[in-house]
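Data block below; observations after.
The values are calculated or read from the model by the stated rules, or taken from the named source; none is laboratory data. Please read these numbers as outputs of a predicted model, since none were measured by experiment. Here the Cβ positions follow ideal geometry from the backbone for every residue, glycine too, while neighbour counts run over all protein chains shown.
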Amino acid sequence: MKEFIMEFPLPRPHCGMPLGNGQLGILIWGQNKICLTVNRADYWDHRCSESYLGPHYKKLVEAYDPFDVNPIRSQFIRNKLPFSSDSFWWLSTRLPCGRFELSLCDGIKPQKIALDYNSGTVIVDCDNNKSLSCCLDFQQDILMIEDEQKIIDNVEFISAWNYVGDLLTKVAFTEPEKIALPGLCGEVQNVPEDPALAAVCAPNDYGYAITLQRGEDNVQALANAQNILKTAVFNSINKQSSYWWNNYWQQIPEISVPDEFLNRFYKFALYKFAGATHPHGIACGLQGPWVEEYQQTPWSGDYHFNVNIQQIYTLAFATGNFGHLLPLFDMLESKPFQKTMRDNAKNMFGIDDGLLLTHAVNDRGMQCGGIEVGAVLDFACGGWTAQLYWLYYKYTQDEDFLKKRALPFMKGVMRIFEETLEERNGNLSIPLSISAEYGCSFKVKKEGRYVKQSSGRDPSNQLACMHMLADYLLEASDIIKETPKTIWMEVKKRLPHYSLSEDRENPHIAIWAGQDLDVCHRHHSHLASIYPFDTLPDPSPKLQKIVDNSIDHWILRGMGQWSEWCYPWAAIIQARIGFKEAPAILLNLWKDIFVNEGLATVYLPRFQGLTAHRRADMLKPRETNEIMQLDGTMGGATAIIEMLVHQQGDTIYLFKGIPDSWQNVSFKNIYLPGAFTISAQRKNGKLESVKIKSLKGGSLRLKLDNLETKLIKLTPQQEWKL
């Protein structure tokens, strides 16, 4: 189905049309010219990355001062960073590449971009009924540009060196080599200790072909690109692409809600998800394979494991795209990544069987964001990632995967939590950790000055994460008939589910022991026992009051520091606690604040007035401050699904998060844990029909209109209808 998506002029890469195959990324944009910003997901400078060197966790606990974060910071053993100084800091990063500019004949200008969802083909419509078609190969990293009407007059390559060359020169890069061979356009950039990259465009019988190829040096990279371009045939690539996309859309759940934006955004997000996480590609980072050319890559384009990567990949489950998780698991299980996590665990805890995943890392697991409290003491980074492994098993029921891949990772991460535990007042306690990125409290006053703290005892998100892991490991042990470790059972008995505030009149979940949610905060991690970890016990009146108070307190602290990935997370929490009106309103606010004209979610607010997050950056020109991230995009699509159907505990809830004004709503073939699919329709405000299919056989509990609960047992391939 061809669908108009965006209209020229498109003045920035991130408001353009993305094409991706999990490795090669193209952004189509421009004004009078058609610009193709190009990059590869593996285009890294791996130098200057860090691992944890020490001290031991017990020394950090001993150094802890609740009134001052500096005693802990001073303990860290720093890695040697050859290019860093007090005024300049360089760490491992993905690199910008450049763009190809297509000038058109006789003053022809591009007018709009359409997407044929069924074939993955992007059509650029121009003046006088002229057009170009762009199609991306999933196997060989080739972009084909079909120009049957011969409207391309000239192709020019604009190098990222024009924008960041002075910076790269400081860190031992040399200027790229322009390609001078007849008919070819592009450049080859050497990378000091990594493979070189050749970006090449060549004419052919159909129009033009573009590829980005790596090689041990400039000569080999260019030779690899030339060899690939010789094989490029538009018709075969288009046929292969159409076949893949047709299969993809056939299994994607359909939704229909009375909100034009949400319907449109959901489908485009699933298109973008496929391009970012394609099974033939590599693991998806913050920006997928797409990196702008006009600035150094924000946050290194790395893997942020305290929410961002999990938000991207969680979309795979309800949509049935389980194979898209495999590149992530392959990266996590690669020898370099495993070595880094094991070295981190050895240096912090003195153990050989632990996996310590830090916050912001490259594709070898090495830290890109600096070794500091928030990077190394957030053990839920590994725990939330382990949840992805467990959910893969739950949705596929693949016991071989559970035994060989999920359990080893889950056990390695749980070893980190186990090593933190100590006895305290008859219970188990985590003496020191963080609540992701919470460090903005100025509540405590000492010696006439306000102080800042970023860690403490028993953070609520770490407690919830450890309970989640214990639940999974105990269930997995039962499935594979393995004796569980005693400590997992002790966690369920003696580890608190959360820390409570000191407000006795209105008790609510705290950030950590003695630290309330004092100010607005971007991470909702203290509410992780609601989502994503879903670890609260069956609600008693006392617990329900604590949850209600926690939500009220969270709302009271406001939204003024939220960024683009915070809103979908909040909408999911609201849907799960039964707020019917708020999630849709929140997502429409999010649309106006954080979704640009190309349906890309951007990190910074598009205007002032509703959030003050990074306020100084908001005042800069849009073309120099816009940062596209995929966490908000995939999180937004997940939030839409969660409003329609989700599982809490062992129960499936239908239409729990949709407003009463949505009288007619439907969805088809959303996937559920246990290898089920579900379809349902709400008509004139009432539940009209439900269909559940079991792919592997099993049982589930279904809540109907928050009233009746049905226990449904099915054999493999059996359907149940209401």
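Selection within the range 548-577: residues that are in contact with a Pro (Cβ under 7 Å, 6 or more places away or on another chain) and among the aliphatic types (A, V, I, L, M). The member of this set that is surrounded by the fewest Cβ atoms within 10 Å (Cβ to Cβ) is ALA571.
Hey, any hits in the range 621-638 for a residue that's at pLDDT 90 or above and farther than 26 Å from TRP29 by Cα? There is at least one residue in the range 621-638 that is at pLDDT 90 or above and farther than 26 Å from TRP29 by Cα.
Hand me the list of helices (runs of 4 or more DSSP H) wholly inside the range 475-586 holding 2 or more residues that are in contact (Cβ under 8 Å) with a residue 60 or more places away in the chain.
Numbers: elements: 486-494, 541-557, 566-576.
Counting at least 2 such residues, we get 486-494, 566-576.
Within the range 355-379, residues that are aromatic (Phe, Trp, Tyr) sit with their Cβ atoms under 9 Å from residues that are in a loop (DSSP other than H, G, I, E, B), at 6+ positions apart or across chains, in these pairs: PHE379/LEU356; PHE379/LEU357; PHE379/ILE430; PHE379/ILE434.
GLU708 fulfils the conditions (1) at negative phi; (2) loosely packed, with under 13 Cβ neighbours inside 10 Å; (3) in contact (Cβ under 8 Å) with a residue 12 or more places away in the chain except for a single criterion, (3).
Among the residues of the range 456-474, those that are part of a loop (DSSP other than H, G, I, E, B) and out of contact with any Gly (no Cβ under 8 Å at 6 or more places or on another chain) comprise ASP458, PRO459. For the range 379-394, the condition holds for no residue, the condition being that it is crowded, with 21+ Cβ neighbours inside 10 Å, touching a Gly at 6+ places or on another chain (Cβ under 9 Å) and more than 30 Å from TYR43 (Cβ to Cβ). Take the conditions (1) in contact with a Cys (Cβ under 6 Å, 6 or more places away or on another chain); (2) in contact (Cβ under 8 Å) with a residue 60 or more places away in the chain; LEU143 misses just one of them, which is (1).
Scanning the range 689-720 for residues that are outside any loop (DSSP other than H, G, I, E, B), modelled with pLDDT under 95 and among the charged types (D, E, K, R), we see that the one that is nearest to TYR392 (Cα to Cα) is LYS703.
Look at the range 63-80: where a residue is farther than 18 Å from TRP512 by Cα and a partner is basic (Lys, Arg), sitting 6+ places away or on another chain with Cβ atoms under 8 Å, you get GLN75/LYS59. Within the range 263-281, is even one residue surrounded by fewer than 24 Cβ atoms within 10 Å (Cβ to Cβ), closer than 30 Å to VAL171 by Cα and of a type outside the set (Phe, Trp, Tyr)? Scanning the range 263-281 turns up no residue that is surrounded by fewer than 24 Cβ atoms within 10 Å (Cβ to Cβ), closer than 30 Å to VAL171 by Cα and of a type outside the set (Phe, Trp, Tyr). When each of ILE5, ILE26 is tested for being of a type in the set (A, V, I, L, M, F, W, C) and at pLDDT 90 or above, the lone residue that passes is ILE26. Which pairs turn up if I take residues in the range 152-163 that are within 14 Å of GLN295 (Cβ to Cβ) and look for partners that are among the basic types (Lys, Arg) and surrounded by 17 or more Cβ atoms within 10 Å (Cβ to Cβ) with beta carbon separation below 9 Å, at least 6 apart in sequence or on another chain? As it stands, the answer is ILE158/ARG99; SER159/ARG99; ALA160/ARG99, since those pairs meet every condition given.
Residues in the range 120-150 that are in contact with a helix residue (DSSP H, G or I) (Cβ under 9 Å, 6 or more places away or on another chain) and small (Gly, Ala, Ser): GLY120, SER133. Residues of the range 253-278 that are in contact with a Lys or Arg (Cβ under 7 Å, 6 or more places away or on another chain) and closer than 19 Å to GLU581 by Cα: PHE261 alone. The residues of the range 162-205 that are under 14 Å from GLN226 (Cα atoms) and under 32 Å from the mean Cα position of the chain (by Cα), listed by number, are GLY186, GLU187, VAL188, LEU197, ALA198, ALA199, VAL200, CYS201. When LEU315, LEU326 are screened for being surrounded by 22 or more Cβ atoms within 10 Å (Cβ to Cβ) and of a type in the set (A, V, I, L, M, F, W, C), only LEU315 passes.
Return a yes/no flag: does the range 282-300 have any residue that is at pLDDT 95 or above, in a helix (DSSP H, G or I) and of a type outside the set (Gly, Ala, Ser). Taking every residue of the range 282-300 in turn, none turns out to be at pLDDT 95 or above, in a helix (DSSP H, G or I) and of a type outside the set (Gly, Ala, Ser).
Does LEU184 count as out of contact with any Gly (no Cβ under 6 Å at 6 or more places or on another chain) and either on the phi > 0 side of the Ramachandran plot or in contact (Cβ under 8 Å) with a residue 60 or more places away in the chain (or both)? No: the conditions fail for LEU184. The residue that is farthest from THR385 (Cα to Cα), counting only those in the range 347-361 that are out of contact with any strand residue (DSSP E or B) (no Cβ under 6 Å at 6 or more places or on another chain) and buried (at least 20 other Cβ atoms within 10 Å of the Cβ), is MET348.
So which residues in the range 236-270 are in contact (Cβ under 8 Å) with a residue 24 or more places away in the chain, in a helix (DSSP H, G or I) and farther than 19 Å from PHE594 by Cβ?
Selection gives ILE237, ASN238, GLN240, SER241, SER242, TRP244, TRP245, ASN246, TYR248, TRP249, GLN251.
Counting residues that are at negative phi and surrounded by fewer than 18 Cβ atoms within 10 Å (Cβ to Cβ), which strands (runs of 3 or more DSSP E) fully inside the range 595-688 reach at least 2? Once the strands (runs of 3 or more DSSP E) in the range 595-688 are filtered for at least 2 residues that are at negative phi and surrounded by fewer than 18 Cβ atoms within 10 Å (Cβ to Cβ), what remains is 665-672, 676-683. The condition (being under 21 Å from THR601 (Cβ atoms), over 21 Å from the mean Cα position of the chain (by Cα) and surrounded by fewer than 17 Cβ atoms within 10 Å (Cβ to Cβ)) is satisfied by just one residue among GLU254, GLU293, GLU216, GLU260: GLU260.
Can you find a residue that is in contact with a Phe, Trp or Tyr (Cβ under 6 Å, 6 or more places away or on another chain), farther than 26 Å from ASN308 by Cα and β-branched (Val, Ile, Thr) anywhere in the range 691-701? Yes: one or more hits. Given the conditions (1) surrounded by 12 or more Cβ atoms within 10 Å (Cβ to Cβ); (2) out of contact with any Asp or Glu (no Cβ under 7 Å at 6 or more places or on another chain), which single one is not true for GLN717? If we test GLN717 against (1) surrounded by 12 or more Cβ atoms within 10 Å (Cβ to Cβ); (2) out of contact with any Asp or Glu (no Cβ under 7 Å at 6 or more places or on another chain), just (1) comes out false.
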